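The values are calculated or read from the model by the stated rules, or taken from the named source; none is laboratory data. Source: prediction; values computed, not measured. Every residue, glycine among them, receives a Cβ derived from its backbone with ideal geometry; neighbour counts consider all protein chains shown.
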Number of protein chains: 2
Amino acid sequence: MRHRLKDVAEKAGVSVKTVSNVVNGYQHVRPTTRARVEQAIAELNYRPNLSARNLRKGRTGVIALAVPELDIPYFAELARHVVVAAAEQGWTVLIDQTGGSREQERVAASGIGDHLIDGLIFSPLALTAEDLAGLDGTPMVLLGERVDHGPADHVMVDNVAAAREITAHLAGLGRHRIAAIGSQRTEEGATARLRLAGYRAALADAGIGYDERLVAPASVWHRADGAAAMRDLLAAGVRPDAVFCFNDTLALGALRALHEHALRVPEDVAVAGFDDIEDGRFSIPTLSTVAPDKERIGRLAVELLAGRIAGDRDAPPRTLTAPYRLELRESTLGR
Amino acid sequence: MRHRLKDVAEKAGVSVKTVSNVVNGYQHVRPTTRARVEQAIAELNYRPNLSARNLRKGRTGVIALAVPELDIPYFAELARHVVVAAAEQGWTVLIDQTGGSREQERVAASGIGDHLIDGLIFSPLALTAEDLAGLDGTPMVLLGERVDHGPADHVMVDNVAAAREITAHLAGLGRHRIAAIGSQRTEEGATARLRLAGYRAALADAGIGYDERLVAPASVWHRADGAAAMRDLLAAGVRPDAVFCFNDTLALGALRALHEHALRVPEDVAVAGFDDIEDGRFSIPTLSTVAPDKERIGRLAVELLAGRIAGDRDAPPRTLTAPYRLELRESTLGR
């Protein structure tokens, strides 16, 4: 026999609402109450029947978060924040790793098969606003820079301002040969273009001429790419005294390449990244970076999506900007 | 009007099968053919209708991978391999981050609402074999050590042998005060117990007495926990000359704490981890570690699941063991 929520409630001597709160992971349940409910759940071998609950509302209780790559730690950390914010709505979050391919992003954007999810939080790399404009149905919130002025709600950070600010920090240390790692020529490079624009603006602010030999491309942004780009810059003899890497994994790779060349950080080359991933708080040296408020990004995205799912589907698309701050550590300040 | 697969095939001048291969992300499609199909997809604004295709077979074409934490890079890297192997089956993989909570794991194990997924690859932290025994329906493959001899197919690595081998490497360097970081007292510590058993076996092999003051607990295995455990060991005055950390993130935290104490790695303290995450190939120093064959784990799990979904649901549960190797780098060998 399959037990129901009220069987658990009776056994635990609490209300159905309280059992529901425990099952849905709400935080504000007294520990003793939670333990009693969990005991009852275990004894009855109760399994929450999300489908029945939600099908009454024409919903699955499941949303998807579609991101390009989970082994870019930024997306893994963002996913954690989305999962926490979604739990407060009683939602299960399934994560779709698209690999940034246009086909997989289309699958995600069309609702993972149309009937599986109530809504989608989506960080596209390859899809365009035109791709998305043809979609109907699944409520969607976009993250990142790929699709600006698109047909859906959008949560972003001001990449130009943030890149300008961290580059200004490097210039403020008296560095004049400031390299950049992570530029991209392809259509996929929306984030790279904005961060490059901020970098160039800061150079202009500081009266430093732009030297394109100091700008190293990286079509993907893993550690290996940052290390390779740094080695290329050193081999080219352009002698940077600082480098702004367009994300933290690039910067961690650059730190490694500088170490292999016996160059000191920050004395010989100051290094800054972007994302504030956990790795950079423990690297040797620790990494100066731009810290987007990932908790806020996750929360804003979930709130926008909840609004759309609850009904205001015809309101015009909104764009919300999450704050960021600089986290200045050993890789630019020294010990 | 909503276009269908055969409209795309006609426009691109290829077979429906070829369009299907492109849409499902198969690798073996000629680049020129792929480009023609993608062009046709874009012009028709075609969206793959996975649900229609699969509903005919009573399937969604979607499987879930349930893991405790995506910001443990091991799970993010494993997820990438599962996604690749699943794409060859034409499956979309949705990832469920359970946080290791028993309730969220129950939701996952019961099929994310019973009707959403065709199967589940599951790395539980809190669920027991008893929890799982009561489940019917969703085909499932278990990863890791939590539920041994459980009711489902199981892919694992030999944790005792691997931990014994990496600890023997430390002893082989002539180290005699070998610490361990990551022991756990709780029920959740199945992996920790096995790695501790391997560590103890290697000490016995090397004729080194077991000193529990050299074993530092860590209830979670993030960098901060490794750094804190290492600081505790140093503060306790037990003077380790080597440390085996039960995963790589703990080891990266330990490296940081040793750096802050101006201790040299490996000259003063040799450091080894477990998982072979990308971070350890670029850290300063690079990290010696146990490298489980994550690609093989992902592939075995998908193959077992495919067998169950295709029909052999009543065969007895199988346990497959994936290989591992040692990756010895600067943190034990020096430069």
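Pick from the range B:25-55 the residues that are closer than 30 Å to B:Q104 by Cα and either in a loop (DSSP other than H, G, I, E, B) or among the hydroxyl-bearing types (S, T, Y) (or both): which of them is modelled with the lowest pLDDT?
B:S51
Being under 30 Å from B:S101 (Cα atoms), within 14 Å of chain A (Cβ to nearest Cβ), free of Cβ contacts under 8 Å to residues at least 60 places away in the same chain and in contact with a helix residue (DSSP H, G or I) (Cβ under 9 Å, 6 or more places away or on another chain) is the requirement here; does B:D276 meet it?
Details: under 30 Å from B:S101 (Cα atoms): yes; within 14 Å of chain A (Cβ to nearest Cβ): yes; free of Cβ contacts under 8 Å to residues at least 60 places away in the same chain: yes; in contact with a helix residue (DSSP H, G or I) (Cβ under 9 Å, 6 or more places away or on another chain): yes.
It is true that B:D276 is under 30 Å from B:S101 (Cα atoms), within 14 Å of chain A (Cβ to nearest Cβ), free of Cβ contacts under 8 Å to residues at least 60 places away in the same chain and in contact with a helix residue (DSSP H, G or I) (Cβ under 9 Å, 6 or more places away or on another chain).
Of the conditions (1) crowded, with 23+ Cβ neighbours inside 10 Å; (2) closer than 30 Å to A:D205 by Cα; (3) at pLDDT 75 or above, A:R146 clears all except one; give me its number.
(3)
Would it be correct to say that B:I309 is modelled with pLDDT under 95 and either surrounded by fewer than 20 Cβ atoms within 10 Å (Cβ to Cβ) or not in a loop (DSSP other than H, G, I, E, B) (or both)?
Yes, satisfied.
Across the range A:279-300, what is the total count of residues that are more than 14 Å from chain B (Cβ to nearest Cβ), in contact with a His (Cβ under 9 Å, 6 or more places away or on another chain) and of a type in the set (A, V, I, L, M)?
Result for the range A:279-300: 1.
For residues that are in contact with a Lys or Arg (Cβ under 9 Å, 6 or more places away or on another chain) and either within 10 Å of chain B (Cβ to nearest Cβ) or over 17 Å from A:T167 (Cα atoms) (or both), tally how many sit in the range A:256-272.
The number of residues fulfilling the criteria is 5.
So, B:E69, is that one at the interface with chain A (Cβ under 8 Å from one of its Cβ atoms), surrounded by fewer than 24 Cβ atoms within 10 Å (Cβ to Cβ) and closer than 18 Å to B:G298 by Cα or not? Walk me through it before giving the result.
Working: at the interface with chain A (Cβ under 8 Å from one of its Cβ atoms): yes; surrounded by fewer than 24 Cβ atoms within 10 Å (Cβ to Cβ): yes; closer than 18 Å to B:G298 by Cα: yes.
Judged against the criteria, B:E69 is a match.
Among the listed residues A:G273, A:G226, A:G280, A:G307, which satisfies the condition of being out of contact with any Ser or Thr (no Cβ under 9 Å at 6 or more places or on another chain) and among the small types (G, A, S)?
A:G307
B:A310 fails exactly one of the following numbered conditions: (1) under 16 Å from B:E88 (Cβ atoms); (2) not assigned by TED's automatic domain parsing to the domain that holds B:V141. What is the number of that condition?
Only one criterion is unmet by B:A310, namely (2).
Every residue in the range A:149-185 that is among the charged types (D, E, K, R), at pLDDT below 95 and more than 19 Å from the chain's Cα centre (by Cα), please.
A:R185
For B:T319, are the conditions met, namely being more than 11 Å from chain A (Cβ to nearest Cβ) and polar (S, T, N, Q)? Lay out the reasoning, then the answer.
On the way: more than 11 Å from chain A (Cβ to nearest Cβ): yes; polar (S, T, N, Q): yes.
Yes: the conditions hold for B:T319.
Of the residues in the range A:285-299, how many are in a loop (DSSP other than H, G, I, E, B) and farther than 22 Å from A:R177 by Cβ?
The qualifying residues number 2.
Per-residue answers, yes or no, for (1) touching a strand residue (DSSP E or B) at 6+ places or on another chain (Cβ under 6 Å); (2) at pLDDT below 80; (3) part of a helix (DSSP H, G or I):
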| site | (1), (2), (3) |
| --- | --- |
| B:G58 | no, yes, no |
| B:A66 | yes, no, no |
| B:Y74 | no, no, yes |
| B:V84 | no, no, yes |
| B:H115 | no, yes, no |
| B:L120 | yes, no, no |
| B:L125 | no, yes, no |
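What do you reckon, is B:V243 modelled with pLDDT under 95 and under 15 Å from B:R177 (Cβ atoms)? Even if it seems obvious, please write down each step before you answer.
Details: modelled with pLDDT under 95: no; under 15 Å from B:R177 (Cβ atoms): yes.
The answer is no for B:V243.
I'd like to verify a number: residues in the range B:150-181 that are out of contact with any strand residue (DSSP E or B) (no Cβ under 8 Å at 6 or more places or on another chain) and over 16 Å from B:L196 (Cα atoms), how many?
Within the range B:150-181, residues that are out of contact with any strand residue (DSSP E or B) (no Cβ under 8 Å at 6 or more places or on another chain) and over 16 Å from B:L196 (Cα atoms) number 4.
Counting only residues that are farther than 20 Å from A:N159 by Cα, within 14 Å of chain B (Cβ to nearest Cβ) and among the aliphatic types (A, V, I, L, M), how many does the range A:199-238 have?
Here the count works out to 5.
Name the pairs whose Cβ atoms lie under 6 Å apart, with the first residue in the range A:305-329 and charged (D, E, K, R), the second in a loop (DSSP other than H, G, I, E, B), and 6 or more positions between them or separate chains?
If the second residue must be in a loop (DSSP other than H, G, I, E, B), the pairs left are A:R308/A:P139; A:E327/A:D276; A:R329/A:T286; A:R329/A:L287.
Test of understanding: among B:V93, B:V19, which residue is at pLDDT 85 or above, closer than 20 Å to A:G100 by Cα and within 11 Å of chain A (Cβ to nearest Cβ)?
B:V93
Within the range A:217-231, is there a residue that is over 17 Å from B:E278 (Cβ atoms), of a type outside the set (F, W, Y) and free of Cβ contacts under 8 Å to residues at least 12 places away in the same chain?
Scanning the range A:217-231, I find no residue that is over 17 Å from B:E278 (Cβ atoms), of a type outside the set (F, W, Y) and free of Cβ contacts under 8 Å to residues at least 12 places away in the same chain, so the answer is no.
Quick one: in the range A:239-255, which of the residues that are aliphatic (A, V, I, L, M) and within 14 Å of chain B (Cβ to nearest Cβ) is surrounded by the fewest Cβ atoms within 10 Å (Cβ to Cβ)?
A:L252
I need a count of the residues in the range A:312-327 that are surrounded by 16 or more Cβ atoms within 10 Å (Cβ to Cβ) and not aromatic (F, W, Y).
3
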